[in-house]
Amino acid sequence: MRKYFCLLVLGLLLTAGAQSQPLLRTHVETGDVEGVADGSDLAIYRAIPYAAPPVGDLRWRAPQPAKAWEGVRLCDTFGPLPPQPTRPGRTADMMSEDCLYLGIATPAKSASDRLPVMVWIHGGGFQTEWYGGDLWTSLARRGVVIVSVEYRTGALGFLAHPELSKESPDGHSGNYGLLDQIYALEWVQRNIQNFGGDPSKVTIFGESAGAISCSMLCASPLAKGLFRAAISHSGGSFAPWTDQPRTLGLDASQKGAEQQGLAFQKHLKKKNIKQMRKMSAMELCDGNVGFAGFWPCVDGYVICDDQYRLYERGEYNDVPVIVMTNSDEGALFAPGNITAEDYKKTVRQIFGDYADEALKVYPGNTDDEAWHGFGDAFRDMGFAWPSFAWASLQAKTGKSAVYAAFLAQPSTLSFSPDKRRKGVAHADDIMYLNETFLGQPDKYPHEAAVAEILQQYWVNFAKTGNPNGKGLPYWPTFDQDKPTTMQFSNGASLIMVPNRQQIDFVDRFYKAKREETEQQRRP
């Protein structure tokens, strides 16, 4: 009897121990996968293929299903970066056109846990970058499954070309990177329950080009039903679009993007797409150096129209959103040696008839003032105004909640090396989502406190569609005429829309550009 009792107790202890371990082995539609433990509470899966390698004849085509494998696939190493120009820390041996993988960090103990899911879409101007799923372990430990998606970038991800449009059954080309993201979200819907995730509770979140991707996914009919909420860090696709190759932050139509593709073909000295498909991926990347960057286009398929107009008409995936910008985004982009004279020439080239007004709201009478003026104009045209437009339009035409945020926490740590920086530079927000500050609370106490608050809001939002929760300052939905923007700086507090004078100016300028484009299209 005593022996039986001991065996029973041992069995219960082993069962309890097994239940407390993270889910380290599971199954996806193409085979069994095994992850690695991160501490005693997380399972990390690296480089799970969600699509076939887009190589050879599959280059510049929509993603195709991944092939099945036999046995158990050990997912313990990162997949390759998408091909991009080499630089320190990004060498050619780290890259491959075979890059359509995703990473997962899950705190689930079993496949039946049904935890909320957050899908990260990285930035990099649609040209570069990569962030592994391991960066978001702090978020995962708050009770969500994190998925990090890799997608095609640069010419491989966004080249439009008349030959490619003719190949397509839908007559489109150029948005292969976005099709990758959508394909990955479809994979999540079919497979994430095997990692303890709930496919009905998917939140997409991204930074920079990842944030712009989130806004495009919110507007794309192809992404309808694939997520229930979105979080944007520094970006939205609401600038006017033209029939010319993309310039000055304006989004090109497919016609304009195809002209850029033809120019790129000529630049490479190739006769056709067949010859371009025979080039190595790195040859294409090297050929892109010094050439205009590639970007999503309005193709009538993935992106159906000027997104501003889509939101005016209420034609988008109406889901709750958090839209955040940083206080000094442009510090990362302002040329360190810009002079007042060069700055004024640039302003007149960009703003034309609006140049005099631009120089009032973004003054640059000295070299130092010009550096700040350039950075502030870059911040507002590229990030703050698109975010404001997104929040304002959805607040008017949508039914789902919109929350606006502004990160302004002072810190000595930044991606911008320029000492003239006066706030939070572009991409600095990433450090508040991972463990950069939370892992060094003694060195960065104020930043760590803000990171803790921000992560709590984000995870609450992923769990319920509302960022509010116990112990946090109340965050109301966005109203551009009331203090409803949550500012993160030495805590969290509500403010009016920041830099409103500059935002209103950019709004008038973009409105004029949009009307000009529409007049040109009229018969």
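Structure data summary
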item: Gly71 in contact (Cβ under 8 Å) with a residue 24 or more places away in the chain and within 25 Å of Val145 (Cα to Cα); result: yes
item: Residue match in the range 445-465 (condition: closer than 15 Å to Ser232 by Cα and in a loop (DSSP other than H, G, I, E, B)); result: yes
item: Matching residues in the range 271-292 - criterion: being within 25 Å of the chain's Cα centre (by Cα) and either open to solvent by 40 Å² or more (accessible area, probe 1.4 Å) or at positive phi (or both); result: Met282, Asp286, Val289, Gly290, Phe291, Ala292
item: Per-region count, the range 18-57, residues within 21 Å of Ser96 (Cα to Cα) and part of a strand (DSSP E or B); result: 5
item: Residue that is most open to solvent (accessible area, probe 1.4 Å) [pool: residues in the range 438-457 that are hydrophobic (A, V, I, L, M, F, W, C) and at pLDDT 95 or above]; result: Ala449
item: Residue count for the range 275-321, restricted to those that are aromatic (Phe, Trp, Tyr) and without any contact (Cβ under 8 Å) to a residue 60 or more places away in the chain; result: 1
item: Residue list for the range 347-389, restricted to those being basic (Lys, Arg) and open to solvent by 20 Å² or more (accessible area, probe 1.4 Å); result: Arg348, Lys360
item: Residue within the range 231-252 that is modelled with pLDDT of 95 or more, out of contact with any Lys or Arg (no Cβ under 6 Å at 6 or more places or on another chain), buried (at least 21 other Cβ atoms within 10 Å of the Cβ) and within 24 Å of Pro65 (Cα to Cα) present; result: no
item: Matching residues, the range 81-136, being among the polar types (S, T, N, Q), modelled with pLDDT of 85 or more and open to solvent by less than 10 Å² (accessible area, probe 1.4 Å); result: Thr106
item: Residue that is surrounded by the fewest Cβ atoms within 10 Å (Cβ to Cβ) [pool: residues in the range 27-57 that are hydroxyl-bearing (Ser, Thr, Tyr) and at pLDDT 95 or above]; result: Thr30
item: Helices (runs of 4 or more DSSP H) enclosed by the range 100-203 - at least 1 residues per element that are on the phi > 0 side of the Ramachandran plot and in contact (Cβ under 8 Å) with a residue 60 or more places away in the chain; result: 154-158
item: Qualifying residues in the range 386-432 (those that are in a loop (DSSP other than H, G, I, E, B) and aliphatic (A, V, I, L, M)) - the one nearest to Phe461 (Cα to Cα); result: Ala401
item: Which listed residue, of Leu407, Leu413, Leu393, is free of Cβ contacts under 8 Å to residues at least 60 places away in the same chain and not small (Gly, Ala, Ser); result: Leu413
item: Flag for Glu435 being open to solvent by 70 Å² or more (accessible area, probe 1.4 Å), among the acidic types (Asp, Glu) and not in a helix (DSSP H, G or I); result: yes
item: Boolean, Arg420 is modelled with pLDDT under 95, open to solvent by 20 Å² or more (accessible area, probe 1.4 Å), within 27 Å of Phe374 (Cβ to Cβ) and of a type outside the set (A, V, I, L, M); result: yes
item: The range 58-75 - residue that is open to solvent by 60 Å² or more (accessible area, probe 1.4 Å) and not in a loop (DSSP other than H, G, I, E, B) and, of those, farthest from Gly31 (Cα to Cα); result: Leu74
item: Output for the range 178-230, where each listed residue is open to solvent by 10 Å² or more (accessible area, probe 1.4 Å) and modelled with pLDDT under 95; result: Ser208
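The values are calculated or read from the model by the stated rules, or taken from the named source; none is laboratory data. No experiment lies behind these values; they were computed from the predicted model shown. Neighbour counts are summed over all protein chains in view; Cβ atoms, including those assigned to glycine, are modelled from backbone coordinates with ideal geometry. For accessibility, only protein heavy atoms count, side chains too; no ligands or nucleic acids. Shrake-Rupley method; radii C 1.70, N 1.55, O 1.52, S 1.80 Å.
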